[in-house]
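The values are calculated or read from the model by the stated rules, or taken from the named source; none is laboratory data. Keep in mind that what you see is a predicted model, and the values were worked out from it rather than measured. Backbone-built Cβ (ideal geometry, glycine too); neighbour counts: all protein chains shown. Ligands, DNA and RNA are excluded from the accessible area calculation, which covers all protein heavy atoms including side chains. Shrake-Rupley method; radii C 1.70, N 1.55, O 1.52, S 1.80 Å.
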Amino acid sequence: MELAVFNTQGKETGRKVVLSDAVFGVEANDHAIYLDVKQYLADQRQGTHKAKQRNEVAGSTRKLKRQKGTGGARAGSIKSPLFPGGGRIFGPVPRDYSFKLNKKLKQLARRSALTYKAQAGAISVVELLSLEAPKTKAVVAMAEALKVSDKKVLLVLPEGNANLQLSCRNLPYVKPVLAQNLCTYDVMNASAIVMVEGAENVLNTMLA
């Protein structure tokens with residue numbers, strides 16, 4: 001697949017880039033995408049939830065009433081889960097939600113996600129925006145020129161660009177990410193993918 005390279009004013013430069021069919025034209029695997037997104041979201045969970053059990057709440061250990069003859073149920077401790085202020089039965093405890101996925105499955109998931117975006121025509125390529133200092137207006141102008149300012153944009157960079165990344169920081173609809181760090185969740189979560197020229201080579205090499 002070939003895509004035209006646009007400049008920051010939204011006009012074609014006359015150059016084209018090649019998106020490898022081994023990365024952007026595979027037979028998509030929905031279950032691989034599901035597992036990779038599930039792992040990403042699981043990794044975001046802190047897992048610090050905690051509820052006190054009956055041995056952890058404050059309260060007397062005195063037996064509340066005699067065992068027999070009251071006409072009611074037996075009661076041995078005010079810390080019982082049956083009483084207000086008692087411990088919680090099977091409450092949440094700190095845990096790690098992360099789980100492992102094979103490298104090949106994760107690569108398949110990313111290829112599948114990129115294939116879906118390529119088939120939907122949601123990928124565009126732009127030449128590098130050179131900034132001498134962080135400037136949000138420049139990124140806004142580029143997004144408007146490419147007609148993606150009303151979409152959730154994933155800006156894929158071939159390498160680190162501090163000024164460009166800082167320029168996106170104040171735009172909630174633009175997320176800059178290095179091509180080498182691209183994940184399935186970011187691809188599927190974006191409405192439009194704008195790749196800076198050269199990022200396609202990184203993805204072609206990394207995922208082919």
Inset, instruction - Output ³J(HN,Hα) for the stretch 48-62: one whole-Hz value per residue in order, computed from phi by the Karplus curve 6.51 cos²θ - 1.76 cosθ + 1.60 with θ = phi - 60°, and x for Gly and Pro. - result: 9, 5, 7, 10, 7, 8, 5, 8, 10, 7, 7, x, 6, 9, 5
Inset, instruction - Might you tell me the accessible area per residue for the stretch 1-135, computed with a 1.4 Å probe and given in Å²? - result: 68 Å²
Legend entry - Cross-link partners of Lys63 among lysines (Cα-Cα below 27 Å; sequence separation of 8 or more within a chain): Lys52, Lys79
Legend entry - Residue-by-residue Karplus 3J(HN,Hα) for the stretch 194-204, coefficients 6.51, -1.76, 1.60, Hz, glycine and proline x: 10, 9, 6, 3, x, 5, 5, 5, 5, 5, 4
Inset, instruction - Between beta-carbons, use under 13 Å as the cut-off and find the net charge around Glu27, counting Lys and Arg +1, Asp and Glu -1. - result: -1
Inset, instruction - For the pairs Lys16/Lys147; Lys117/Lys175; Lys50/Lys103; Lys38/Lys147; Lys100/Lys175, note any where the Cα-Cα span goes beyond 24 Å. - result: Lys50/Lys103; Lys38/Lys147; Lys100/Lys175
Legend entry - Rounded to whole Hz, the Karplus (6.51, -1.76, 1.60) HN-Hα couplings of the stretch 18-29, x for glycine and proline: 9, 9, 4, 5, 6, 10, 9, x, 8, 7, 5, 10
Inset, instruction - Would you work out what percent of the accessible area of the chain, with all protein chains in place, is carbon or sulfur (probe 1.4 Å)? - result: 51 percent
Inset, instruction - Please list the non-local residues whose amide H lies under 5 Å from the amide H of Val174, H modeled 1.01 Å from N, same-chain partners needing a gap of 5 or more. - result: Val153
Inset, instruction - Please list the non-local residues whose amide H lies under 5 Å from the amide H of Met195, H modeled 1.01 Å from N, same-chain partners needing a gap of 5 or more. - result: Ser124, Val125, Val126, Val156
Inset, instruction - With a point put 7 Å past each Cα toward its Cβ, work out how far Ser60 is from Asn102 in nm, to one decimal. - result: 6.2 nm
Legend entry - Between the stretch 134-199 and the stretch 45-114, the Cα center-to-center distance that results, in Å: 42 Å
Inset, instruction - Relative to the longest principal axis of the C-alpha atoms of the chain, give the angle of the C-alpha long axis of helix 30-44, reported between 0 and 90° and rounded to the nearest 10°. - result: 60 degrees
Legend entry - Amide H contacts of Leu146 (H built 1.01 Å from N, under 5 Å, at least 5 apart or other chain): none
